[in-house]
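Q: Let me begin by handing over the structure; questions about it come next.
The values are calculated or read from the model by the stated rules, or taken from the named source; none is laboratory data. In this text the structure is predicted, and so the values were computed from the model without any measurement. Cβ placement follows ideal geometry from the backbone for every residue including glycine, while neighbour counts extend to all protein chains displayed. Each accessible area value is taken on the protein alone, full model and side chains, heavy atoms only, with ligands, DNA and RNA left out. Shrake-Rupley method; radii C 1.70, N 1.55, O 1.52, S 1.80 Å.
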Amino acid sequence: MAGTGGMWARMRQKPFSLWVIAGGLVYMALSLLYLGLPFAIMGGILAGGGFLLILFVFVAVFLIAAAFSFRQKRWAYVLAAVSSLVLLVLFGSFLLGSASNPADSGFWLSMSGLPALTLVVIFSILSLRSAKTGLAQKRYLASPHSTGGLLTLAVIGFVIGGLVAGAIGSAVIGRLVATAGESADVKIVKDAPSAAVPFNPATFHVAVGGTVTWLNTDSTTHTVTSDIGDSVAFDSGSLTTGGVFQFTFMQAGTYPYHCTPHLQMTGTIVVG
Ligand SMILES: [Cu+2]
């Protein structure tokens with residue numbers, strides 16, 4: 001009992017900023033691991049053209065930075081700030097994209113990851129600045145009862161609020177997509193990248209001058225893009241959940257198409 005009591009006392013003496021840095025980094029590492037592990041188990045560590053490897057490097061770097069920031073190593077503050085910034089720069093636009101659609105499968109990560117990493121950057125830079133004099137000297141770094149604590153609380157509140165609003169929005173979008181699905185010609189199905197028929201129906205027939213309507217019912221962003229070399233070129237750009245694309249075919253022919261981020265997703269339009 002005395003041992004655990006002593007441990008708690010030591011934990012409580014840890015400057016508050018270290019909890020924020022380590023907590024934010026561990027949360028991100030676990031999130032990335034949760035995201036990447038299924039793909040790694042399915043396709044090996046080199047799946048996705050090295051994308052997974054980059055993901056796991058971030059996991060390792062985040063965990064190292066978290067552990068040594070907690071021990072007040074100055075280089076670890078630098079590592080924490082730099083690695084967080086690099087992730088924000090590399091995947092910021094991707095994260096912002098899924099943050100704009102609550103029905104997107106990446107919404108929770110964007111909603112929580114962007115604020116968490118921002119907090120890590122702020123607190124690791126401030127901790128580095130005060131490392132020489134000691135974090136205990138700065139109240140906003142030492143104690144949760146401070147502006148630093150208020151900022152953290154505000155960010156956590158923002159994230160929880162965003163996730164709750166997102167869950168409601170996601171349900172609404174789901175209902176709207178189900179209704180819209182009845183009028184679409186070709187549906188991008190749920191879990192399309194691993195589906196046998198990602199574009200349903202796989203082959204759609206339309207008369208010359210007819211318009212085809214695609215609807216994305218998946219929780220991931222996809223595109224409807226004509227295969228290279230076609231005389232008739234079409235490209236929907238990114239379609240998030242509920243996204244609709246229409247194209248009018250003026251020439252008879254067979255038009256194969258695919259999804260740009262998932263090349264295994266293919267379909268065909270037959271005109272005439
Ligand atoms: Cu796709």
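Q: With the calculation restricted to Cα positions, what are the radius of gyration and Dmax of the stretch 115-272 in angstrom?
A: Rg and Dmax of the stretch 115-272, Cα atoms, are 24.4, 78 Å.
Q: Probe of 1.4 angstrom, ligands and nucleic acids ignored: what's the accessible area per residue over the chain, in square angstrom? Walk me through the numbers before you get to the answer.
A: Values: 14220 Å² over 272 residues.
Per residue, the chain has an accessible area of 52 Å².
Q: Give the peptides 119-125, 244-250, 27-33 in descending order of average Cβ contacts within 10 Å, highest first.
A: 119-125, 27-33, 244-250
Q: Still on this structure: What is the Cα radius of gyration of the stretch 186-271 over 2.2 N^0.38 Å, N being its residue count?
A: Dividing the Cα radius of gyration by 2.2 N^0.38 Å gives 0.98.
Q: Using the alpha-carbon atoms, what tilt in degrees (0 to 90, nearest 10) does helix 16-43 show relative to the longest principal axis of the chain?
A: Result, in degrees: 30.
Q: Considering only DSSP beta bridges with both partners in the chain, what is the antiparallel share in %, to the nearest 5?
A: The antiparallel proportion sits near 70 percent.
Q: What does the highest-first list of 201-208, 75-82 look like by mean Cβ count within 10 Å?
A: 75-82, 201-208
Q: Angle check, please: helix 2-13 long axis (alpha carbons) against the longest principal axis of the chain (alpha carbons), in degrees 0 to 90, nearest 10.
A: For 2-13 against the chain, the angle is about 70 degrees.
Q: Arranged from highest to lowest average of other beta-carbon atoms within 10 Å per residue, in what order do the peptides 53-65, 103-115, 144-156 appear?
A: Put in order of decreasing packing, that is 103-115, 53-65, 144-156.
Q: Express the C-alpha Rg of the chain as a ratio against the empirical globular expectation 2.2 N^0.38 Å, rounded to two decimals. The partial results should precede the final answer.
A: Working: Rg = 24.0 Å, N = 272, 2.2 N^0.38 = 18.5 Å.
For the chain, the normalised Cα radius of gyration comes out at 1.29.
Q: For K138, list the lysines whose Cα falls under 18 Å from its own Cα; do not include residues on the same chain fewer than 8 positions away.
A: Partners found: K14, K73.
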